[in-house]
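The values are calculated or read from the model by the stated rules, or taken from the named source; none is laboratory data. Not measured: the values here are computed from a predicted model. Positions of Cβ are backbone-derived with ideal geometry, glycine not excepted, and every protein chain shown enters the neighbour counts. Remember, those area values only see protein heavy atoms, side chains included, never the ligands or the DNA or RNA. Shrake-Rupley method; radii C 1.70, N 1.55, O 1.52, S 1.80 Å.
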Amino acid sequence: MQHKGPIGVFDSGYGGLTVFKEIYKRLPQYEYVYLGDNARVPYGNRSFETVYEYTKECVFKLFEQGCNLVILACNTASAKALRSIQQQDLPAGKKVLGVIRPTTENIHLFTKSNKVGILATQGTVLSNSYKMEISKMHPEIEVFQQACPFWVPLVENNEIHGEGAHFFVKKDIEELLAKSPDMDTLVLACTHYPLLLPLIEQYTPPHIHILAQGDLVAKSLVDYFKRHPEVEQACSKGNSLKFFTTDDPLDFEQKANIFFGKPIKAEKLEVVRGI
Ligand code: DGL
């Protein structure tokens, strides 16, 4: 019988904590290990090959920690690496899930005009993953995309209240909304963006629904466990949380507090030599 192990949650940095927070709220009974690749963030403007390599290295580090299930709480990694890892790299008994499917599966519940805007990193936009997945599941929905290359650095550097954040959030939302007057739903298709929510709300007309992914991903994991009891049974229980970063743990602890909503202890994990 397979050894049980904690659920791994991965992001290029802190953003995945916004998803992890919601997973932990719904499923507090499991053991979890979070890994943020803060030393190499952002992933959003890197090539397909680089995001794939970095993500694969981190996922395998989480497997080494005993995880049998890893959630890529990162849209860029889900868009550029998930499928290749699932198809080519998974050892027997290991599973990796992403955040794009839970969002696209539920998008029709939020839009009435069938015009949806995607705010995401350059990598996610260029991959066209949202466009393709949504058109497969809901061909009636039209998707408009906007790359927001400055939003992740603003969040990672805790510049979320500064003038720069106001400037770029306003500019990117205006550019996206100019693509269709009927858009009624905006997806925060990057796990870092919920931290900018007060600004995003400020620059989005009130009739437009702003959709963060955390709760959708958490609900979909609950559902996945029902459909795949063998994966659920491979996840250890014990309500414990471990946080790893590839960069400075003290820095991680300070900022993670903002993302996760409560104080945490972090340790450094070397994923490749020197990082
Ligand atoms: N949080 C990641 C996402 O959801 C991206 C951050 C980055 O650019 O590294 O796409």
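If you check every pair at least six apart or on different chains, which have Cβ atoms under 6 Å apart with a residue in the stretch 11-37 that is under 19 Å from residue 192 (Cα atoms) first and a residue that is open to solvent by 10 Å² or more (accessible area, probe 1.4 Å) and among the acidic types (Asp, Glu) second?
13/156; 22/215
For residues in the stretch 206-221 being open to solvent by 20 Å² or more (accessible area, probe 1.4 Å) and in contact (Cβ under 8 Å) with a residue 12 or more places away in the chain, which is nearest to residue 13 (Cα to Cα)? Walk me through how you get there before you give the answer.
Our first condition is that a residue be open to solvent by 20 Å² or more (accessible area, probe 1.4 Å); within the stretch 206-221, this holds for 206-207, 209-210, 212, 215, 219-220.
Imposing the further condition that a residue be in contact (Cβ under 8 Å) with a residue 12 or more places away in the chain reduces the set to 207, 209-210, 212, 215, 219-220.
Working: 207: 32, 209: 26, 210: 23, 212: 17, 215: 19, 219: 23, 220: 22 Å.
So the residue we want is 212.
Quick check on my filter: what residues within the stretch 228-248 are under 16 Å from residue 26 (Cβ atoms) and open to solvent by 30 Å² or more (accessible area, probe 1.4 Å)?
232, 237, 239, 241
Hey, can you tell me all the residues within the stretch 192-205 that are open to solvent by 10 Å² or more (accessible area, probe 1.4 Å) and touching a residue at least 60 places away in the same chain (Cβ under 8 Å)?
194, 195
Only one residue in 216, 195 is outside any loop (DSSP other than H, G, I, E, B), over 18 Å from residue 161 (Cβ atoms), of a type outside the set (Val, Ile, Thr) and within 14 Å of the ligand (Cβ to nearest atom). Which one? It would help to see each step written out before you state the result.
Numbers: 195 fails: over 18 Å from residue 161 (Cβ atoms).
After applying the criteria, what remains is 216.
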